[in-house]
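The next block holds one structure in the form of structure tokens; read it before the comments.
The values are calculated or read from the model by the stated rules, or taken from the named source; none is laboratory data. Bear in mind that the values here come from a model prediction, so they are computed numbers and not experimental data. Every residue, glycine as well, gets a Cβ built from its backbone with ideal geometry; the counts of neighbours run over all protein chains shown.
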Amino acid sequence: MRILHTTLAVCSAVCLITPAFAAKSSTGNADILAANNQYSLYLQNTKMDYAETGGSHGSAPGLLDTENGNIPGFGLSATSMSDWALGNDYLQFDFNYSNGNTDYVGSYINSNAGYGSLKSSSTAHIYNYSARYGKGFNTSKQTMLTPYVELGHHRWERGLSATQDETYSHSYGGLGLLLQVAPVNKLVLNADLFYGRTFQSKISTNSYTLPETTLGNSSFKRYGVGADYAFSQRFHGKISYSHESYSYGISDLSSYGYYEPNSSTKNNIYRVGIGYAF
């Protein structure tokens, strides 16, 4: 029920907010403008590559544990390009949720067996929210370049076992650049670069030894490519690939002598979806 309520809330907010900025831009390639004025629903697969490393608070250097796997999910987004402020004003709101399992490789706590001595499966529930604003510049009749700012939030609920749960979360902000090209009628190709920083990174667990603590922040990097094809004036097909990477820094020691180590996350995200142009 939680994911249903979250999805309905996001859908309601997007549907209420977007029409307020839906007076379409009068400048630019018609196919690019159509791609930028849509409600979209997509399926996604996230290939997660997560690793924790030692070397602090007396631990041995090297890998402590890893999580790898394909996590399916879905998402909702709304984009609008209109002339309500600077001209070719670009807005995007996005929410996606993934639910699946990953392969865990590590070791038992306080064990000397080392990395690889324990292999199991973990559950993963991942929530992502983001909003961006930019301004499009027509660089030719078939191309548009849109610098933008983006804010977002990420939450990963990690189920290591039936009795051990951990939740990682952070917010992020930064600058991006979106390039769109319409090489032929009805088709729009895009390339996207983003660089930012995470903030308010933290972990919470169901263990009294480390219930909640802040984590170190890091750079947040993302690049991707995609395509939008108009099957009709209203209905579009969409496909994309993106890669993102960030880290969590080591936490302080708890009063029980436990801590969260340094970690790095690399996600490859594949999406396919449909869009309704307005």
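In the range 251-278, the residues that are under 20 Å from Gly106 (Cβ atoms) reach residues that are in a loop (DSSP other than H, G, I, E, B) and of a type in the set (A, V, I, L, M) with C-beta atoms within less than 6 angstrom, at least six apart or across chains, in these pairs: Ser251/Leu215; Ser254/Leu210; Tyr258/Leu210; Tyr259/Leu253; Pro261/Ile250; Asn262/Ile250. With respect to the conditions (1) of a type outside the set (S, T, N, Q); (2) closer than 30 Å to Lys141 by Cα; (3) surrounded by fewer than 20 Cβ atoms within 10 Å (Cβ to Cβ), Gly69 lacks only one, and its number is (2). Take the residues in the range 229-243 that are of a type in the set (Gly, Ala, Ser) and outside any loop (DSSP other than H, G, I, E, B); name whichever of them is nearest to Asn110 (Cα to Cα). Here the answer is Ser242. Looking only at residues of the range 238-262 that are small (Gly, Ala, Ser) and surrounded by 14 or more Cβ atoms within 10 Å (Cβ to Cβ), we find that the one that is nearest to Gly196 (Cα to Cα) is Ser245.
State whether one or more residues within the range 45-54 are within 18 Å of Asp192 (Cα to Cα), hydrophobic (A, V, I, L, M, F, W, C) and surrounded by 22 or more Cβ atoms within 10 Å (Cβ to Cβ). The answer is no, given that none of the residues of the range 45-54 is within 18 Å of Asp192 (Cα to Cα), hydrophobic (A, V, I, L, M, F, W, C) and surrounded by 22 or more Cβ atoms within 10 Å (Cβ to Cβ). Here the condition is being more than 24 Å from Ser169 (Cβ to Cβ), at pLDDT 95 or above and in contact with a Ser or Thr (Cβ under 8 Å, 6 or more places away or on another chain); of Asp89, Asp103, Asp83, it holds for Asp89 alone. Within the range 82-128, the residues that satisfy the criterion of being free of Cβ contacts under 8 Å to residues at least 60 places away in the same chain, more than 21 Å from the chain's Cα centre (by Cα) and part of a strand (DSSP E or B) are Tyr104, Val105, Gly106, Leu118, Lys119, Ser120, Ser121.
When Leu187 is tested against (1) within 22 Å of Ala51 (Cβ to Cβ); (2) surrounded by 14 or more Cβ atoms within 10 Å (Cβ to Cβ), just one condition goes unmet, and that condition is (1). Residues in the range 86-108 that are of a type in the set (A, V, I, L, M, F, W, C) and surrounded by 15 or more Cβ atoms within 10 Å (Cβ to Cβ) were compared, and the one that is farthest from Ile71 (Cα to Cα) is Leu91.
Every condition in (1) modelled with pLDDT under 95; (2) closer than 30 Å to Ser122 by Cα holds for Leu43 except the one numbered (1).
What residue, of Asp65, Asp49, is among the charged types (D, E, K, R), closer than 24 Å to Ser247 by Cα, touching an Asp or Glu at 6+ places or on another chain (Cβ under 9 Å) and without any contact (Cβ under 8 Å) to a residue 60 or more places away in the chain? Break it down stepwise before answering.
Details: Asp49 fails: without any contact (Cβ under 8 Å) to a residue 60 or more places away in the chain.
From the options Asp65, Asp49, the qualifying one is Asp65.
From Ser130, Ser77, Ser111, Ser117, which residue is closer than 28 Å to Glu52 by Cβ, of a type in the set (Ser, Thr, Tyr) and surrounded by 14 or more Cβ atoms within 10 Å (Cβ to Cβ)? One residue alone meets the criteria, Ser130.
Yes/no matrix, rows are residues, columns are (1) part of a strand (DSSP E or B); (2) polar (S, T, N, Q); (3) modelled with pLDDT under 95:
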position: Thr209; (1), (2), (3): no, yes, yes
position: Ala227; (1), (2), (3): yes, no, no
position: Ser245; (1), (2), (3): yes, yes, no
position: Tyr258; (1), (2), (3): no, no, yes
